[in-house]
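A quick write-up on the structure given underneath.
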Amino acid sequence: MIKKCLFPVAGYGTRFLPATKSMPKEMLPVVNKPLVQYGVEEAIDADLYEVAFVTGRGKRAIADHFDISYELEHQIAGTDKEMYLDSIRNVLAKGSFSFTRQHEMKGLGHAILSGETLIGNEPFGVILSDDLCVNHNGDGVLSQMVKLYKQFRCSIVAIMEVPNDQVSKYGIIAGECMKDDLYTVENMVEKPDPKEAPSNLAIIGRYILTPDIFEVLRNTPPGKNGEIQLTDALLQQAKDGCVMAYKFQGLRFDCGSIDGFVEATNYFYKNFYESE
Ligand code: UTP
């Protein structure tokens with residue numbers, strides 16, 4: 001029912017300069033796999049096979065990564081190195097990939113609006129690949145959210161509890177708890193001052209959005225930092241109808257920050273590679 005997943009990957013990744021001067025942040029490897037491939041694998045695991053990227057200048061390496069490299073295939077076909085291509089071959093076999101550009105960095109909301117041309121009039125997933133999520137013993141985070149969408153048919157944001165001194169880094173929700181892990185959103189604030197935060201429930205980079213979000217985004221004026229904020233548009237959707245917030249099962253690493261990136265690298269090395 002949901003077939004498409006949008007990846008806004010146009011950001012500059014300034015926190016990783018100079019590494020990101022000529023290389024997209026999303027191509028930074030956690031152990032031996034680029035961040036964005038983890039995200040795409042999560043989308044495909046959720047049966048979202050149509051992958052749409054909103055890119056920007058300097059991001060061509062992402063399009064090359066999700067395409068066949070004939071030279072490489074030719075070079076290592078039949079050798080013992082072939083297994084290193086297994087994961088990306090699997091992604092390429094299952095997914096289809098389309099690209100559009102965000103011409104100006106006007107914020108996440110604007111990036112999503114730029115993706116309308118690839119999504120059209122249907123509900124879709126969104127993954128911010130710098131949030132790396134893993135759920136060892138069960139469904140990936142996006143799969144968990146797709147299941148909820150089938151039940152509630154409204155936009156859904158993934159949330160987690162964060163310490164009070166961290167709320168100013170996130171969009172924060174307030175709402176009515178329907179059951180342990182599910183809230184109906186009543187308020188949302190982008191990067192609030194800890195004194196003004198309505199809760200410590202922070203939105204992370206996983207969303208299911210209904211397509212009316214595009215019209216709302218078109219009418220959303222620039223908010224915090226002069227950017228068109230997805231949070232502001234989601235609050236409008238919540239007021240007009242319904243938005244749910246879901247405390248997901250699993251772990252999330254903030255790979256947009258150096259600390260989170262190193263944590264993720266250690267975790268993935270220890271849990272997925274050390275024994276090899
Ligand atoms: P971030 O603000 O975390 O990413 O945006 P950034 O701007 O690349 O990072 P820093 O702060 O400069 O280090 C969250 C996500 O939204 C995308 C980014 O690519 C990232 O995946 N984004 C943000 C866009 O695609 N366009 C924008 O205008 C803003």
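The values are calculated or read from the model by the stated rules, or taken from the named source; none is laboratory data. This structure is a prediction, so every number in the text was calculated from the model and none was measured. Note: ideal-geometry Cβ built from the backbone for every residue, glycine included; neighbour counts use all protein chains shown. Note: accessible area is taken over every heavy atom of the protein model, side chains too, but ligands, DNA and RNA are not part of it. Shrake-Rupley method; radii C 1.70, N 1.55, O 1.52, S 1.80 Å.
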I'd like the Karplus ³J(HN,Hα) series for region 93-108: coefficients 6.51, -1.76, 1.60, θ = phi - 60°, whole numbers in Hz, and an x wherever there's a Gly or Pro. 5, 8, x, 10, 10, 10, 9, 9, 10, 8, 7, 10, 7, 9, x, 4
Around residue 146, with a cut-off of 14 angstrom between Cβ atoms, what is the net charge of the other residues, counting Lys and Arg +1 and Asp and Glu -1? 0
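If I take R0 = 51 Å and measure r between the Cβ atoms of residue 273 and residue 122 in this structure, what FRET efficiency does the formula 1/(1 + (r/R0)^6) give, to the nearest 0.05?
Values: r = 38 Å, r/R0 = 0.74.
Efficiency computed from Cβ-Cβ geometry: 0.85.
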Could you give me the ³J(HN,Hα) list for region 127-136, computed from phi with Karplus coefficients 6.51, -1.76, 1.60 and θ = phi - 60°, whole Hz, x at Gly and Pro? 10, 8, 6, 6, 8, 9, 10, 9, 10, 3
Packing-based ranking, highest mean first, of 73-82, 151-160 given that Cβ atoms within 10 Å are counted: 151-160, 73-82
How far apart, in nm, are the 7 Å Cα→Cβ label points at residue 49 and residue 75? 3.1
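Please compute the per residue accessible area over region 1-128 with all protein chains in place, 1.4 Å probe, rounded to a whole number of Å².
On a per-residue basis, region 1-128 sits at 51 Å².
Where the accessible area of the chain is counted over protein heavy atoms with a 1.4 Å probe, how much of it, in %, is carbon and sulfur?
Details: 6570 of 13610 Å².
Ligands and nucleic acids excluded, carbon and sulfur reach 48 percent.
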In Å², nearest 10: area of residue 89 left accessible to a 1.4 Å probe: 70
Which whole-angstrom value gives the distance between the alpha carbon centres of region 175-189 and region 11-40? 32
Residue 147: which lysines have alpha carbons under 21 Å from its alpha carbon, excluding same-chain residues fewer than 8 sequence positions away? 3, 4, 94, 179, 247
How large is the helix-only mean residue ellipticity at 222 nm for the chain, computed as the sum of -39500 (n - 2.57) over DSSP H runs with n ≥ 4, divided by its residue count, in deg cm²/dmol to the nearest 500? -8500 deg cm²/dmol
Ordering 270, 3, 33 by how much accessible area each has at a 1.4 Å probe, largest first, what is the list? 270, 3, 33
